[in-house]
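Participant: Sending over a structure as structure tokens; questions will come in a sec.
The values are calculated or read from the model by the stated rules, or taken from the named source; none is laboratory data. Since we're looking at a predicted model, the values are computed, not measured. Here the Cβ positions follow ideal geometry from the backbone for every residue, glycine too, while neighbour counts run over all protein chains shown.
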Amino acid sequence: MRIHKSLFTTQITPSLKMSSNSSNSSNSNPLVSSDSSDDGEYQRFLQETIDATIEVEELAIQRIRNAQPGSSQRRRRRRYINRGWEQGYEQLYKDYFSEEPTYPDHMFRRRFRMRKQVFLRIVERLENGMEFFQQRPDAKGRLGISALQKCTAAMRMLAYGSAADAVDEYVRLSEATARLCLEEFVDGIITFFLVLSFLDVQQ
């Protein structure tokens, strides 16, 4: 399903702006705040999310068009790389989310483009509502990638406009996994923070 930018910019965004004046909407949507600076931050984040959604969709369509189905040439098998995402999670948690993080809150806000409390609420909502962000063990009993890592990878790409493989060394995710994190993150933001809020306002 194609996502049209005009749908959110002309209908949902004004509705959400109106809903920020009521306490019920502010409590149900962690991205909406009564503070004027937070309203501006939310609007910027909303716009970046919509732009990223359209960009991801157009990129996927272009790659499908460039594909060559029916090719008899065998693809080279990719070598498995053990990235050690457990160590990536421990480092990420120590840097930003522990009781005494390495980097203070003002550096988190600059690098993630939002306050830490807002980001953690987004992570919690996506983890509870989307199977992709739920950490599950594999057949060997090894826990998969955490929701914190997946959302961090997506936010880093949105915040800096970086390539998918740019988060590999820090968050320990492959290019394909990071790209999938971005797609699922954008879908989750639209579903839980745009569409549902729009429907609540209409009711």
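Participant: Here is a list: Gly40, Gly70, Gly84. Which entry is closer than 19 Å to Val167 by Cβ and at pLDDT below 90?
Facilitator: On the way: Gly40 fails: closer than 19 Å to Val167 by Cβ; Gly70 fails: closer than 19 Å to Val167 by Cβ.
Only one candidate qualifies: Gly84.
Participant: Report yes if some residue within region 152-162 is crowded, with 20+ Cβ neighbours inside 10 Å and either over 19 Å from Gln47 (Cβ atoms) or at pLDDT below 85 (or both); otherwise report no.
Facilitator: Checking region 152-162: at least one residue is crowded, with 20+ Cβ neighbours inside 10 Å and either over 19 Å from Gln47 (Cβ atoms) or at pLDDT below 85 (or both).
Participant: Separate question: Scan region 125-142 and tell me whether some residue there is among the small types (Gly, Ala, Ser), over 24 Å from Arg44 (Cβ atoms) and at pLDDT below 95. Reasoning before the result, please.
Facilitator: Taking region 125-142 first, the residues among the small types (Gly, Ala, Ser) are 129, 139, 141.
Next, only the ones that are over 24 Å from Arg44 (Cβ atoms) stay: 139, 141.
Of the ones still in play, those that are also at pLDDT below 95 are 139, 141.
There is at least one residue in region 125-142 that is among the small types (Gly, Ala, Ser), over 24 Å from Arg44 (Cβ atoms) and at pLDDT below 95.
Participant: Continuing with the same structure: If Arg121 satisfies every condition in (1) within 27 Å of Asn82 (Cα to Cα); (2) under 13 Å from the mean Cα position of the chain (by Cα) but one, which is the exception?
Facilitator: (1)
Participant: Would you pick out the residues in region 125-166 that are closer than 15 Å to Asp187 by Cβ and aromatic (Phe, Trp, Tyr)?
Facilitator: Those that are closer than 15 Å to Asp187 by Cβ and aromatic (Phe, Trp, Tyr): Phe132, Phe133.
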